[in-house]
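A short write-up of the structure that comes next.
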Amino acid sequence: MAFRKAVKGTALIGGGAIATVFGLSQFSQYRNKHGALVEVQAAEAVPVKHQLPTREEQILALQTNTEFDVVVIGGGATGCGCALDAATRGLKTALVERYDFSSGTSSRSTKLIHGGVRYLQKAIMKLDFEQYRMVKEALEERAHLLHSAPHLSAPLPIMLPIYKWWQLPYYWIGIKLYDLVAGSHCLKSSYVLTKSRALELFPMLRKDRLVGAIVYYDGQHNDARMNLAIALTAARYGAATANYTEVRHLLKSPEPGSGRQRVCGVRCRDLLTGKEFDVRAKCVINATGPFTDSVRKMDDEEVPNICQPSAGVHIVMPGYYSPDNMGLLDPATSDGRVIFFLPWEKMTIAGTTDSPTDVTSHPIPMEEDINFILNEVRNYLGADVEVRRGDVLAAWSGIRPLVTDPNSKDTQSISRNHVVTISDSGLVTIAGGKWTTYRAMARDTIDAAIQEHNLKAGSSKTMGLKLEGAQDWSPTLHIRLVQDYGLESEVAQHLASTYGDKAFEVAKIAQVTGKRWPIVGKRLVSEFPYIEAEVVYAVKEYARTAVDVLSRRTRLAFLNVQAAEEALPRIVDIMAKELSWCEQKKKEELETARKFLYYEMGYKVKTDQLTDSSEISLVPSDIERYKKRFHMFDKDKKGFITILDVQRVLKSISVQIAENTLHEILNEVDLNKNGQVELNEFLQLMSAIQKGHVSGSRLAVLMKSAEEKLRHRAAIPVDRSGGGV
């Protein structure tokens with residue numbers, strides 16, 4: 001009864017606010033809807049390249065074209081969006097990216113396509129119409145993204161648990177306003193849940209004091225693959241796009257008549273060959289995200305900074321921490337931040353933090369941020385769910401390029417609205433914004449470029465434009481892949497949701513397994529659906545390093561950093577064959593990729609939990625028990641065990657495990673990488689497991705199982721059990 005009264009009271013409280021926002025929404029909706037129809041039709045008239053140009057052909061185009069209309073610096077979502085917008089308007093377009101497409105912030109997001117519930121709250125509480133417009137635009141762009149790449153994105157229900165009765169009307173009004181601002185672009189209507197129904201849908205939720213819950217809908221996507229789809233689509237529309245092409249400095253020339261120095265291009269260096277060349281253009285666009293100010297200072301060393309970078313850390317945990325199709329929002333954490341807890345790629349993402357940071361190409365997740373997220377997760381999950389530090393499978397930090405507000409005291413209060421600025425020399429800069437609004441940001445940027453540089457082009461044509469892989473995609477496409485090629489169902493679903501209608505091109509080059517089933521499709525690692533053919537196809541998608549494949553063509557590094565390290569040697573071997581790498585180049589790629597996994601993807605935090613200085617907090621009886629288990633393998637009392645010791649014990653109990661698998665198992669615990677596991681390392685491992693800092697250690701499972709088999713003759717499992725970093 002109390003629950004129903006609260007809901008009825010809520011409707012009365014929010015009526016006036018809802019009516020006001022509804023009127024504003026309908027006017028804006030009407031205006032935008034009519035513009036979109038014209039844009040979709042116009043985009044279809046632009047010619048498309050059916051054969052994707054190679055990177056070598058793209059570099060040649062950059063070198064040989066006399067002058068482009070537009071050259072974009074930056075291969076993130078906004079930069080690629082600018083290139084696509086310009087190319088579809090018929091402008092001769094170039095794009096250069098210092099590293100790989102989406103190698104920065106655009107691949108390290110929360111994976112949400114959203115309008116921003118908290119920004120709407122600020123807009124209403126502070127009567128801030130600019131914030132309202134930002135949310136309104138983002139919700140319209142959310143609908144566009146879901147339409148333009150349905151294979152890479154989908155609606156996601158997100159639960160807002162309520163633990164105090166007064167919060168029910170407060171949050172219900174806010175969420176209903178969110179629906180109304182979306183207007184006809186509302187994905188699905190939000191709704192209220194009783195306590196019992198909330199626990200049925202999210203059984204791991206904390207039960208005590210739970211009043212009920214509100215569920216609303218936002219979008220979710222594969223951010224790096226979405227960014228790549230935008231880049232590839234731009235290339236098909238004629239843009240000369242090149243990754244690993246660094247801008248050394250801006251080119252300038254005097255303007256006829258006035259004599260003013262005007263930007264007229266960029267000096268580039270191909271990082272793969274070392275060759276330098278000029279790319280001339282009527283307009284240069286700076287879309288470099290956190291590096292915005294460094295490019296602006298190439299134009300004018302005295303220009304003040306306009307970006308204030310903010311670091312956001314995310315962690316990935318096993319899929320059993322959340323339902324398959326229900327996220328969770330913590331609207332008010334212990335320090336006032338917002339935390340999302342979301343299912344993604346059959347895992348669970350938790351984040352994010354929000355703190356000022358220095359700009360770097362290689363941001364590192366910090367232990368205090370990881371622990372902050374874990375503590376917030378513990379606050380919302382039931383006491384029967386043990387949230388362990390060892391269940392963190394990967395962790396990363398992304399730098400948000402927020403636009404500085406001089407009156408702001410901290411980055412949390414800065415709006416992510418975007419700003420387009422034009423310098424005296426004609427450099428066009430797009431800064432701020434958010435992933436969801438990349439298309440609108442690109443539209444505004446190209447509009448400004450056309451006006452400033454008198455370029456001949458019409459209005460934006462990207463609204464409703466299908467991205468790479470979306471044209472002939474359907475929800476049942478994976479069935480054809482299974483039937484036509486003999487792929488595993490899980491692999492087929494993965495290919496369809498990653499490549500869309502281009503999945504058939506991957507399936508065609510998939511290797512025969514030699515098994516009865518699946519017929520084709522050799523996996524890179526057993527527990528993930530990524531196959532070797534994807535590495536070959538990644539090279540066609542401009543992948544040039546092992547890190548490109550591990551983190552952006554596949555998402556393995558973001559899902560499980562240990563699995564990524566295991567797949568690395570095979571990835572390097574395949575790429576070496578495709579790109580004609582020598583042995584020295586292969587060694588360099590292995591070293592670079594391992595460094596990336598160690599620092600940027602959270603592998604370092606594993607070894608931080610198991611260092612020589614780690615405290616061994618085991619009671620004497622446990623120490624003796626684990627020593628006895630260790631000496632069962634170390635029969636010669638050397639004080640360490642090697643792969644030969646493990647093989648000897650396994651042979652004595654008639655168990656066979658592949659040698660490369662045993663190397664991987666020992667490597668997980670071998671801290672000093674000397675090819676052996678010392679007694680102290682083993683005791684540190686067992687201590688960390690007891691404290692929950694490490695979970696799923698295959699060596700610990702193997703040694704315990706071997707000990708039991710000597711007594712009971714049981715089987716020994718060696719599959720990874722979800723252990724983290």
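By a 1.4 Å probe calculation restricted to protein chains, VAL506 has an accessible surface near 0 Å², given to the nearest 10.
Just to be sure I understand: if I project the alpha-carbon convex hull of segment 614-713 onto a plane and average over all orientations, what area do I get in nm²?
Result: a mean projected hull area of 6.4 nm².
Note on HIS478: accessible area approximately 40 square angstrom, rounded to 10, probe 1.4 Å, nucleic acids and ligands left out.
For an R0 of 56 angstrom, estimate the FRET efficiency from the Cβ-Cβ distance between HIS663 and SER258 and round to the nearest 0.05. Mind showing how you got there, number by number?
Numbers: r = 68 Å, r/R0 = 1.21.
Between HIS663 and SER258 the formula returns 0.25.
Among 347-357, 298-308, the peptide with the highest mean count of other Cβ atoms within 10 Å heads the list, and the full ranking is 347-357, 298-308. Taking all protein chains as they are arranged and a probe of 1.4 Å, the heavy atoms of GLU246 leave approximately 40 Å² accessible to solvent.
Here the sum of -39500 (n - 2.57) over DSSP H runs of 4 or more residues, divided by the residues of the chain, equals -13500 deg cm²/dmol at 222 nm, to the nearest 500.
If the segment from GLU591 to ASP447 were pulled out straight at 0.36 nm per residue, it would be longer than the present Cα-Cα gap by 47.4 nm. Here segment 317-470 is treated as an ellipsoid with the same Cα gyration tensor; its semi-axes, largest first and in whole Å, are 38, 20, 13. In the chain, the longest principal axis of the Cα atoms and the axis of helix 129-148 are about 70 degrees apart.
Each principal axis of the Cα atoms in segment 459-543 has its own extent, and those three values, largest first, are 54, 28, 21 angstrom. For segment 538-578, the fraction of C-alpha pairs more than 14 angstrom apart is 37%. For segment 476-608, with only Lys/Arg (+1) and Asp/Glu (-1) charged at the beta-carbon, what is the dipole magnitude about the Cα centre, in debye rounded to 20? The calculation lands at about 120 debye.
Could you state the angle between the C-alpha long axis of helix 2-43 and the longest principal axis of the C-alpha atoms of the chain, as a value from 0 to 90 degrees rounded to the nearest 10? For 2-43 against the chain, the angle is about 60 degrees.
With viscosity set to 0.692 mPa s and temperature to 37 °C, compute the Stokes-Einstein D of segment 476-608, Rh being the Kirkwood radius across alpha carbon pairs; µm²/s, no decimals.
The diffusion coefficient I find is 216 µm²/s.
Scoring 167-178, 479-490, 559-570, 437-448 by mean Cβ neighbours within 10 Å over their residues and listing the highest first yields 437-448, 559-570, 167-178, 479-490. About its Cα centre, segment 214-267 has a charge dipole of approximately 360 debye under the convention of +1 per Lys or Arg Cβ and -1 per Asp or Glu Cβ, with nothing else charged.
The angle between the Cα long axis of helix 583-599 and the main principal axis of the chain comes to about 90°, on a 0 to 90 degree scale. Looking at the chain, the pairs of alpha carbons with a distance over 36 Å make up 46% of the total. Normalised by 2.2 N^0.38 Å, where N counts its residues, the alpha-carbon radius of gyration of segment 286-328 equals 2.05. The order of ILE519, ILE214 by accessible area, most exposed first and with a 1.4 Å probe, is ILE519, ILE214. Note: relative contact order over the chain, using C-alpha pairs below 8 Å and six or more positions apart, is 14 percent. Ordered by solvent-accessible area of protein heavy atoms (1.4 Å probe), largest first, the residues SER397, SER474 come out as SER474, SER397.
Legend: residues LYS691, LYS585, sorted from most to least accessible area (1.4 Å probe; ligands, DNA and RNA excluded), read LYS691, LYS585. For ARG570 and HIS362, the difference between the fully extended length at 0.36 nm per residue and the C-alpha to C-alpha distance is 72.4 nm.
Computed over the alpha carbons of segment 255-303, Rg followed by Dmax gives 13.1, 40 Å. Binning the alpha carbon pair distances of segment 124-213 at 10 angstrom intervals from zero yields the distribution 15, 37, 32, 16, 0, expressed in whole percent.
Using a cutoff of 8 angstrom between alpha carbon atoms and counting only pairs six or more residues apart, the relative contact order for segment 301-356 works out to 42 percent. A Cα-only calculation for segment 180-249 places Rg and Dmax at 21.7, 62 Å.
Taking 8 Å as the Cα distance limit and 6 or more residues as the minimum spacing, I'd like the relative contact order of segment 501-601 as a percentage. With pairs under 8 Å counted, the relative contact order is 21 percent. Near the amide H of LEU205, within less than 5 Å, lie the amide hydrogens of GLY382, all on another chain or at least 5 residues away, with H placed in the peptide plane. Phi angles across segment 545-559 convert, under the Karplus curve 6.51 cos²θ - 1.76 cosθ + 1.60 with θ = phi - 60°, into 3J(HN,Hα) values of 9, 5, 5, 4, 6, 5, 10, 10, 7, 9, 10, 4, 5, 7, 9 Hz, Gly and Pro given as x.
Using a Förster distance of 51 angstrom, determine the FRET efficiency expected from the C-beta separation of TRP517 and TYR599, and round it to 0.05. All intermediate terms of the calculation are to be shown ahead of the outcome.
Values: r = 40 Å, r/R0 = 0.79.
In this case the efficiency is close to 0.80.
Applying 1/(1 + (r/R0)^6) with R0 = 35 Å to the Cβ-Cβ distance of LEU52 and ASN375 gives a FRET efficiency near 0.15.
The values are calculated or read from the model by the stated rules, or taken from the named source; none is laboratory data. Treat the numbers as computed from the prediction; the structure is a model and nothing was measured. Note: ideal-geometry Cβ built from the backbone for every residue, glycine included; neighbour counts use all protein chains shown. Side chains included, ligands, DNA and RNA excluded: accessible areas come from the protein's heavy atoms. Shrake-Rupley method; radii C 1.70, N 1.55, O 1.52, S 1.80 Å.
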